[in-house]
């Protein structure tokens, strides 16, 4: 069996809240593996901890107020990123592991040309000369489908549309041919026709360059189309893991089920949606027992007291943090 | 056929500039009482400007809007204020449209006081009833917007719109800032309120799947114009305009086994300050029949051969793609 490229084990990232009154356990014991060449989707709603997870991998969590708890492990090719010296970490970040953010306008520097920004990583990590780096920047713009790359290389971010800026972000991330690309809501700020362009681009680049992609998104539609495997997060924890087809064919966790039923579908006629009652609890006060129990239609006493571990079904590649996996008879029939 | 509650004819809204920004460039639509028209489009299509201009939150450049028999653009200040009791709006971001220094109770009392809709003695009962109607506990009257979640704030935004007992509500991206599980709650609430109060909605959204769940009729906008309009079931089953076809095919389906026949459009939406000549969609249009006529002659929004109720602004709407 292939070794994972990236292994996250029991990651805990906590934040001291502004008033110092409590600790937000934003990511609270998250584990997963990313294998070479695959796309792993991390899905969840606001506040579930998916973005904090991705920022923790690159140690981009501002400290304070945040801190990654001792005992957390993030292994990249066998080395724990959390214990690396700053210089060693810098050699990996932006080089072997790169990231694309949701909002390209705030992550691009407005006073440098896009060419300079793409070239920067190649100069730092690969020691390219300015001239060679510029040529590489043009090559990257061509790769991400820029019209007239040799001219647009001197454009500033404000001269570009949202979709073009996101292409620049992708060019920047891929300039050093990373082994892992972390894409955090890469298409959320884009219109649907532009989203389609960027998703196609990511597909093509992954096929050409062979990198592994960690795709963080709130959109089940994007995950269904892009990911090989899926991790579903809720309230700072992984609540379900499965192959993409396994997950959509038969979700095990009531939260996943609820989420799927709540998504408006383009192929369903005008009708009522199935809403999940209540809302995501606050990270400073996760509910006792199973964190989903206050919103769960199946919850019984055990769920309010005992926190379920990730329980496996079959050969164990489909797991859910739910007691129903052990006691399926408790599942209430659909109303 | 019943007379429409809202009748918009050739609405134009240009913003000054050189050249002017043609945000809305000749939009006509009608909505029958109790119905929902979904107005769909991407950023910069002009859909929000249509909603705001209908309510005269922005003054139109040209056109005519008749609401319930009244010519909205001809009204003076006092009759316009009276009209606003009957036409309301719910915004996308309830956080920026609620006054952060006003409690929820005060936010809901204010329109009741302005329009003298409840004597002081009944005010509290009215506020409680409104909160109850949108599914919030009466205790929320004492809270401030920052103490509420996004979904709760949007419920307050809806309660505020309902407080003056309107017949018509412009819902401008009311659920796009919300998470999926909460979005479903708010969509269901809007549907329930429509039934209970016989409301008419103009539902503006960029999300075609959301619109599918609430709209009776759908109009698709591109660069300030309506390019297709039809009953909802028809437009989703058999879109005629190449833009609508591409838009629908681009929506990611939450089904990994779905056969993907994505029509990926090239390029970006042009600026409404420099709309292309001829058909505004022609530079991105993937239609195999596209020809010189598309580059020179803007197609009118016309009935297709499918039915008189299915309109499309494309010279080749009937041709397969």
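The values are calculated or read from the model by the stated rules, or taken from the named source; none is laboratory data. Only a predicted model underlies this, so the values are computations on that prediction, with no experimental measurement involved. Cβ sites come from the backbone with ideal geometry, for glycine too, and all protein chains shown count toward neighbours.
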Is it true that residue B:63 is touching a residue at least 40 places away in the same chain (Cβ under 8 Å), surrounded by 18 or more Cβ atoms within 10 Å (Cβ to Cβ), more than 14 Å from chain A (Cβ to nearest Cβ) and under 19 Å from the mean Cα position of the chain (by Cα)?
yes
Just the residues that are within 17 Å of residue A:33 (Cα to Cα), in a loop (DSSP other than H, G, I, E, B) and in contact with a strand residue (DSSP E or B) (Cβ under 8 Å, 6 or more places away or on another chain), please, taken from the stretch A:78-117.
A:96
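Kindly establish whether residue A:137 is crowded, with 17+ Cβ neighbours inside 10 Å, over 20 Å from the mean Cα position of the chain (by Cα) and without any contact (Cβ under 8 Å) to a residue 40 or more places away in the chain. Before the answer, list the steps.
Details: crowded, with 17+ Cβ neighbours inside 10 Å: yes; over 20 Å from the mean Cα position of the chain (by Cα): yes; without any contact (Cβ under 8 Å) to a residue 40 or more places away in the chain: yes.
It is true that residue A:137 is crowded, with 17+ Cβ neighbours inside 10 Å, over 20 Å from the mean Cα position of the chain (by Cα) and without any contact (Cβ under 8 Å) to a residue 40 or more places away in the chain.
Residues checked against (1) surrounded by fewer than 17 Cβ atoms within 10 Å (Cβ to Cβ); (2) more than 19 Å from residue B:175 (Cα to Cα); (3) touching a residue at least 40 places away in the same chain (Cβ under 8 Å):
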{"site": "B:13", "(1), (2), (3)": "no, yes, yes"}
{"site": "B:25", "(1), (2), (3)": "no, yes, yes"}
{"site": "B:41", "(1), (2), (3)": "no, no, yes"}
{"site": "B:46", "(1), (2), (3)": "no, no, yes"}
{"site": "B:71", "(1), (2), (3)": "yes, yes, no"}
{"site": "B:74", "(1), (2), (3)": "yes, yes, no"}
{"site": "B:89", "(1), (2), (3)": "no, no, yes"}
Any residue that is under 23 Å from residue A:194 (Cα atoms), touching a helix residue (DSSP H, G or I) at 6+ places or on another chain (Cβ under 8 Å) and without any contact (Cβ under 8 Å) to a residue 60 or more places away in the chain - is there at least one of those in the stretch B:219-235?
no
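What's the total number of residues in the stretch A:35-77 that are assigned to a loop (DSSP other than H, G, I, E, B) and in contact (Cβ under 8 Å) with a residue 60 or more places away in the chain?
So the first thing to find is which residues in the stretch A:35-77 are assigned to a loop (DSSP other than H, G, I, E, B), and the list is A:35-38, A:44-49, A:58-65, A:69-72, A:77.
Narrowing the set further to residues that are in contact (Cβ under 8 Å) with a residue 60 or more places away in the chain leaves A:35-38, A:44-49, A:58, A:71-72, A:77.
Here the count works out to 14.
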Filtering the stretch B:36-47 for residues that are at pLDDT below 95 and either more than 14 Å from chain A (Cβ to nearest Cβ) or assigned to a loop (DSSP other than H, G, I, E, B) (or both) leaves a count of 6
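Being in contact with a helix residue (DSSP H, G or I) (Cβ under 8 Å, 6 or more places away or on another chain), buried (at least 21 other Cβ atoms within 10 Å of the Cβ), within 16 Å of residue A:140 (Cα to Cα) and away from chain B (no Cβ under 12 Å) narrows it down to one residue among A:213, A:175; which is it?
Working: A:213 fails: within 16 Å of residue A:140 (Cα to Cα).
From the options A:213, A:175, the qualifying one is A:175.
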Would you point out which residue out of A:293, A:253 is within 14 Å of chain B (Cβ to nearest Cβ) and within 26 Å of residue B:150 (Cβ to Cβ)?
A:253
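Okay, residues lined up against (1) touching a residue at least 40 places away in the same chain (Cβ under 8 Å); (2) assigned to a strand (DSSP E or B):
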site	(1), (2)
A:224	no, no
A:231	yes, yes
A:239	yes, yes
A:252	yes, no
A:256	yes, no
A:260	yes, no
A:266	no, no
A:275	no, no
One residue is enough: does the stretch A:263-278 have a residue meeting the conditions in contact with a helix residue (DSSP H, G or I) (Cβ under 8 Å, 6 or more places away or on another chain), on the phi > 0 side of the Ramachandran plot and within 11 Å of chain B (Cβ to nearest Cβ)?
yes
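Can you say whether residue B:32 is surrounded by fewer than 21 Cβ atoms within 10 Å (Cβ to Cβ) and either closer than 21 Å to residue B:166 by Cβ or touching a residue at least 12 places away in the same chain (Cβ under 8 Å) (or both), as far as the supplied structure shows? Spell out how you get there, then give the answer.
Working: surrounded by fewer than 21 Cβ atoms within 10 Å (Cβ to Cβ): yes; either closer than 21 Å to residue B:166 by Cβ or touching a residue at least 12 places away in the same chain (Cβ under 8 Å) (or both): yes.
In short, yes.
Going by the conditions given, is residue A:148 over 20 Å from the mean Cα position of the chain (by Cα), farther than 19 Å from residue A:90 by Cα, surrounded by fewer than 19 Cβ atoms within 10 Å (Cβ to Cβ) and within 14 Å of another protein chain (Cβ to nearest Cβ)?
Values: over 20 Å from the mean Cα position of the chain (by Cα): yes; farther than 19 Å from residue A:90 by Cα: yes; surrounded by fewer than 19 Cβ atoms within 10 Å (Cβ to Cβ): yes; within 14 Å of another protein chain (Cβ to nearest Cβ): yes.
Yes.
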What number goes with the only condition from (1) within 14 Å of chain B (Cβ to nearest Cβ); (2) more than 20 Å from residue B:255 (Cα to Cα); (3) touching a strand residue (DSSP E or B) at 6+ places or on another chain (Cβ under 9 Å); (4) not in a loop (DSSP other than H, G, I, E, B) that residue A:282 does not pass?
(4)
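Of all residues in the stretch A:188-210, which are in a helix (DSSP H, G or I) and away from chain B (no Cβ under 12 Å)? Don't jump to the end; show me each part of the working.
Within the stretch A:188-210, the first condition is being in a helix (DSSP H, G or I), and the residues that meet it are A:192-209.
Across the stretch A:188-210, the qualifying residues are A:202, A:205, A:206, A:207, A:208, A:209.
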Of the residues A:51, A:39, A:17, A:23, only one is out of contact with any helix residue (DSSP H, G or I) (no Cβ under 8 Å at 6 or more places or on another chain) and over 28 Å from residue A:85 (Cβ atoms); which?
A:17
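Looking at the stretch B:254-268, can you tell me whether even one residue there is within 22 Å of the chain's Cα centre (by Cα), within 20 Å of residue A:164 (Cβ to Cβ) and either crowded, with 20+ Cβ neighbours inside 10 Å or facing chain A (nearest Cβ under 8 Å) (or both)? Even if it seems obvious, please write down each step before you answer.
To start, the set of residues in the stretch B:254-268 that are within 22 Å of the chain's Cα centre (by Cα) comprises none.
Within the stretch B:254-268, not a single residue is within 22 Å of the chain's Cα centre (by Cα), within 20 Å of residue A:164 (Cβ to Cβ) and either crowded, with 20+ Cβ neighbours inside 10 Å or facing chain A (nearest Cβ under 8 Å) (or both).
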I need the helices (runs of 4 or more DSSP H) fully contained in the stretch B:117-226, keeping only those with at least 2 residues that are within 13 Å of chain A (Cβ to nearest Cβ).
B:150-162, B:180-197, B:208-212
